[in-house]
Every structure is written in C-alpha cells, then in structure tokens.
Amino acid sequence: MVQCLDGVRGWSNSIEVVAGHIAPRRSCMPMYFNGPHSVAVGGDGKIFVTTYYEAGVFVLSSAGRLITTLGRGYDSGPRLAGPATGVLTSERTLCVTEYSLNAVFRYDVHGMVFEGALGGGKPGFRDVGSCSTGGGPCAFDRPHMCKSDADGDLVVVDTWNHRLQKFTPGGQFIGCLGSSSSGWSENSGDVQSTTIHGGFNAPVAVSFDDFGRFVVTDWGNNRLLWFNSGGQVTSIEDELDLETPYDAQVFSGRCVIANSRRGEVLIKSAIGND
C-alpha cells in the first residue's frame, strides 16, 4: 500500500499498486498539485513541492498539511512562472531554479521569505523577479537545476546554454563547465551543443557523491557524464539505452536514473563504486 499527498488533506490511502500500475481508489484531487516537478525534504520533516503549471512551491508539514506557499503571490517575493526544481542547498536555504524566468530564486525556509534571484548577467542574489537570457557569466537560458557541492558552492545546470555554472553561496561567478574537457573555466563564452568529451547537449540535472564527484544528465545526448571534483571527465555512459533522461541522482553508492521516454527508472552502481 502506498499513500497519496495532495497538500490539503495530508497523506491518505487513496491509491494502491495493482500489477505494477497505480489505480485510483478515490480522487486524489490532483488540481492541488498542478504539474508537481520536484520534492525536497528538510531535516525538520518539512516537505517542499515545486509545481510547474500552477507555478509555486507548496510548503507542507511532515504530516502533509499545508503550511504556506511561496512564489504564488501570497508572500512578499515575486511570482514564479515556471519553476523546474526546488532544492535545499543548506539547512535554511531553498534554491528554486526558474526555467521560465531564467533565474535561481533563493528562499529562507525558516522565515519563509524570498532573499533574491541570481541571473541576468549580474552576480549575487538580487531583488528581481525575471532575468533576460544570455551566454555570459551569471546569465542563464532556461536553467533546470541548482545543487550545492561539498564546499557549499552552487552549481547551476544551465540547460539551453549547454553548460554548468558554478557560484559561491552568495552568487559570485566561479567558473563554467561544458566548453572543453579541461574542467571548470573562468571563460564562459558562447557554448554550443556538442557530443564531444566533456560537452553537453541540453543538460538537465547534476548530483554529487560523498567524495565531491558528480554526474550530469546529458538530456540531448541521452547519456550520463561523470566528473571528478575538479570538473574533469572520468567516464561517459552512453550504453544504457537512455531516451530523454530527466534526472540521475546518486544515493549511497548507487545511481537512480529517470529514463523518461521509456517510462522507467534505472538503478545501477555509481561510477567508482562498482
């Protein structure tokens, strides 16, 4: 038996697994989560559900009851338009990668307040709600994910600029990855989609292991690229029959992959843990 969470009633026994399919027992009222796109859970049990189509972030108690919403016009921050992922980058910080607004929005989850947006070609988190696209440092073109590494630096998956960008926790530009196989570079010039060693075609996700190594889901090339902590490619996995994979995350030495077009989830040993 599995449970369903709709953000209003909390957890309920409204669905059950039957022969590998999810069959509704009674309506879960999915309009409360219109296009749920990512979930993050804090150390205190709070649940953060980022919804794409009715853009915003639902903040729920561990019991699944609604506490508040962010980015939907009810708080002091700007309205979200098309958030892809919301990730807790520290104990008190939620970074929401805004695909439609070309920015990363930061929230203090203790006070539930907007702290600023990163993007538009300017460093730092500023009090803005939308950023123009660009190919220089601190500019994005429909970014899909932001994660913090072991040092607390922020890595933004800048999808349609075909690169990753790294920033200090305060949003100062550190480097770019994707234009070559030599690791992070301070040169963030125009990066084109490519199949070359160390290059990307519309990357969508990044995940770090306990040793600072990371994997990038290269959506347009249907492959995974593995890097060491310095940003040098250590392995390319292009034999997994991936079709438009949307995510690959490392957990306890294993890599879990959302293989979207094939409608499956793959679990394998992470590179370096075979």
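At a Förster radius of 25 Å, what calculated FRET efficiency corresponds to the Cβ-Cβ distance of Ser132 and Thr194, to the nearest 0.05?
Given R0 = 25 Å and the Cβ-Cβ separation, E is 0.55.
Given contacts defined as C-alpha pairs under 8 Å and at least six residues apart, what's the relative contact order of the chain, whole-number percent?
Contact order relative to length: 8 percent.
Taking K and R as +1 and D and E as -1, what net charge do the other residues with C-beta under 10 Å from the C-beta of Asp108 add up to?
+1
Mean separation of Cα pairs under 8 Å and 6+ residues apart, divided by the residue count of region 124-163: what relative contact order is that in percent?
For region 124-163, the relative contact order is 30 percent.
Let me have the relative contact order for region 34-192, percent, based on Cα pairs under 8 Å that are six or more residues apart.
Normalised by residue count, the contact order of region 34-192 is 13 percent.
Let me check I've understood the local charge: for Arg262, count other residues with C-beta under 13 angstrom from its C-beta, Lys and Arg +1, Asp and Glu -1. What total comes out?
Here the count lands on -2.
Over the chain, with a Gaussian network built from C-alpha contacts below 10 Å, which listed residue (Gly43, Gly134, Gly82) shows the highest mean-square fluctuation?
Top of the fluctuation ranking is Gly43.
Using a Gaussian network model of the chain with C-alpha springs under 10 Å, which one of Arg262, Arg213, Arg106 is most mobile by mean-square fluctuation?
Per the Cα network of the chain with a 10 Å cutoff, Arg262 tops the list.
Compare Asp238, Asp218, Asp153 in a GNM of the chain, Cα atoms joined below 10 Å, and give the one with the largest fluctuation.
In the Gaussian network model the winner is Asp238.
Quick one: Cα centre-to-centre distance for region 86-155 and region 222-274, in angstrom?
Value for the Cα centre distance between the two parts: 24 Å.
Filter the chymotrypsin sites (Phe, Trp or Tyr not before Pro) in region 178-242 to those in DSSP coil with at most 14 other Cβ atoms within 10 Å of their Cβ, and list the result.
Here the chymotrypsin sites (Phe, Trp or Tyr not before Pro) that fit, given the DSSP loop and packing criteria, are Phe211.
The numbers here are math on the coordinates, done by the rules we state, and not lab data. Note that the coordinates shown come from a computational prediction; the quantities given were computed from them, not determined experimentally. Cβ atoms come from the backbone with ideal geometry, glycine included; neighbour counts cover every protein chain shown.
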